[in-house]
Structure formats: structure tokens, C-alpha cells
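Below: the structure, in C-alpha cells.
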């Protein structure tokens, strides 16, 4: 059941800056409202009220609207005209396609002295003999009835035989009320039977085993026939649901407030079931725009027409995307990269790989005011960015061979390496072996341990060199 809430009324009062106390017009149509309430306390200055196409069963809680001039309650479940005496300024009342059968309730509108137009088209009372004559005679302030102007001569003729017309109207009204009472009893009986079927369980009459076996055999037979004819197997629950749906909409019934309310409840139940099924469904996986190895993919989720051209004269690349003409520009997001362009249209991605590299900072985006097309102008980059290829790694056998070499073994054992120099081939001194030592952990070097210089055909010392033992050695 839908109730009239303050938030609902404020959302419909945007033109009045969402203020309720000074609101003069509000539209609450097609909201599945089942009761009129709160409006007479929140909106005292209301002049126009739209409540058509709801499920309102009676007119109520409007007596405080002294300034109300137009009330539209068409396409509802109203059966009686009542509770409008307080609407002193009411000029137009629309009750099209309701269930007003008590035509004598029209006399309650005598107190609305400013009432000029009344619409009762589509109500059961319009089928009564003498309907128009009775309404015209009962409401002398009316100027229009059901969209047809009331002339002076018609009003005079209606007032002449009013007593006889009123008698016939009351008889037809009583007959209609008896018929309505039977319809209500039938609805209550049907509701009781359905409630009993839901609460009933097998096993009360001792024959439920046979019933269950027969039901199972029939379902298996139906499934086999469906599988042979259509291919995929249909479950019995699906077939039962389709059968119940077909029976609900194809079974003839009278047009009453109860049947209209039942159809609304049925549609609401189906809507709730669909919403639950949507929630149970797995979320749709997002489309891959860029692969793991960095390759950009083309995508056109909004399914838009486009054209990609190269302007050699201006050295630019032009992308024309046929965006929807009447869509707001705030729903479009653009991202230009050196190698691709991406356009998001209402959350859907359009991505295009460019034939050459462009300058994102110098690119421009414009939208046509006539066609709505989006045009991206992207100047080409002066030098292309090239990706260097990585050197392939050597095979495993070669790596194992390198690991087993003596050079790698020394590194693995953390042995310090020394530079070996052959004095016979080089004139430079071997500074690493000037002062030999047994180990790196020994104390200060001794001059007595110094090895004599190597003898060769020529001296390795310069002229005038004096070997003074008092001078400490070079380290």
C-alpha cells in the first residue's frame, strides 16, 4: 500500500522551491495511492490537485482546502460523492472512469455553489435512465456536464418532470446496490477458497498417495512432450506458472474496484519476483579494455556509429562519434591517450585504437549543437614512441654451464680476486704484490720478509733509486 508522504509531495513541488505551505498546484497521479491524507494540513493554499490513475476508494481529508478550484480523481475506485462540502471554491470536478453507482450522492455537491463543470463519464450511474436530467435538475449551478454545455431550455425541461425521474433513479440505484453486494460476497468467497487451498495439506482424506503419484506421472509426461517438441527441458513449476498466468488474465470477470485492485496486486507481486531474480543473477563481467600484456582493445558498448579520418594537411587525426542528439553533455566523459581514445557515454565505453601517436594535451573535443555528434581532433606526435624489445634469456642448459664455471665458483666462495701482471710483458709495477704477506689477518709488515726484486735483462727501477730500509713500505 502506497501512502502520501511529505517527501513525495516535496519532490512534486520543484517549481515552488520544495515549499509546501505556499504550494498551489501538485500532481500525484500514477502513484498507486490508496488513501487521501495529510494534503489538507500541509498545503492549505492548494488550488489544483491531480490524483488521477490511483487506487483511491473514497474522497476524504479535503475539507480544509478552502481555495481548491480543480480536483481530478479520474481512474480511481470511488463509488460515492462525499466530503467535498468544505471545498468552498471548487469549480471543476473530474470523476471520469470510477465506480459511482449511487447517483443520489450527487446532491452533496449542492453546497459547492461555485461548481461549474462535472465529469462522470465511464461510471455505472451514467447508464441509468434519466441520468443527465437528474444531475442537471439537482445541481442548478452547473454549466457543463460530461463536457457538454447545459442550455437554459434543458434545465427547464429537467426541472419539470423531476419527481418521476428521481423515482426511477432510486429504483435503478437499489438494483445496482444489490448487484454490488453480490459481487462483494463473491469476492469474499473466492478469497476464502484461495486461502483454504494455500493452507490445505495432503494426507487428510487418505488418498494423497494416489494424488501425488498421478501428479508426478502427469508432470513427467508433460516434461517429455515439451522436451521432444522444443529441445530444452522445461520444469513443471515453469509450466504451472505459465498456466496460472494465462488463467488469471484470460478468465472473464466484471469490472469492479475489487478486480482492479486484484490486478494491481498481481502485477506488484510479479514485479517483486522479477526484482528478486535480478538480485540473484551474477553481475555482468566488465569488458577487457587493455590486456595484461598492454595491448589496447577496440570496444563499442553503446553501439554508436563513428568515423576515423586522418587530416594530412593539418597533421591531425579526427574521430567523429555519433552520440545521441538529445543526451546531456554531462553524461559524456573523454580520455585521450597517445595510442587510443576512450569515450564514456552514460557509463558505456567506446574505445578506439589510433593509427598513429597523438598529443593528448593538444587534443580538442567539440559537440555539434544540431546533430549531437562528438568530434575529437588529435594532432599527431612529432616522434613516435618505440618500445624496445627485451633480449631473450638464454636457455637453461647454458645457464647451468655458466654456473659451473671456475670463475663463478670463486664468486660463490667469496675468494678475493687479485690482478695478475707478468713483469716480463709489462713495464708497470705489480703494486698488489710489492709486499707479500701470508694472510690478511697478520700484523704489521716486516722488511725482512720482502722478496728480492725479480732479475731480468733490464732494471725495473728508475735511475737514482735508493732502497732505504728505514723508509716504510708502500701499502
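A short reminder: the numbers here are calculations on the coordinates, not readings from a lab. As the structure is a computational prediction, the values presented were derived from the model and not from experiment. Note that we place each Cβ from the backbone using ideal geometry, even for glycine, and neighbour counts take in every protein chain shown.
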Relative packing of 53-59, 152-158, 249-255, which averages over residues the other C-beta atoms within 10 Å, highest first: 53-59, 152-158, 249-255
Based only on the alpha carbon positions, what is the Kirkwood hydrodynamic radius of the range 6-175, in angstrom? 16.7 Å
Students often check this: by mean Cβ neighbours within 10 Å, which of 374-381, 287-294 ranks highest, and how do the rest follow? 374-381, 287-294
Principal axes first, then extents: for the Cα atoms of the range 299-379, list largest minus smallest coordinate on each axis, whole Å, largest first. 33, 25, 21
How much length would be gained if the chain were fully extended between residue 240 and residue 148, taking 0.36 nm per residue of separation minus their Cα-Cα distance, in nm to one decimal? 28.1 nm
Ranked output for segments 135-146, 86-97 by mean other Cβ atoms within 10 Å, highest leading, reads 86-97, 135-146
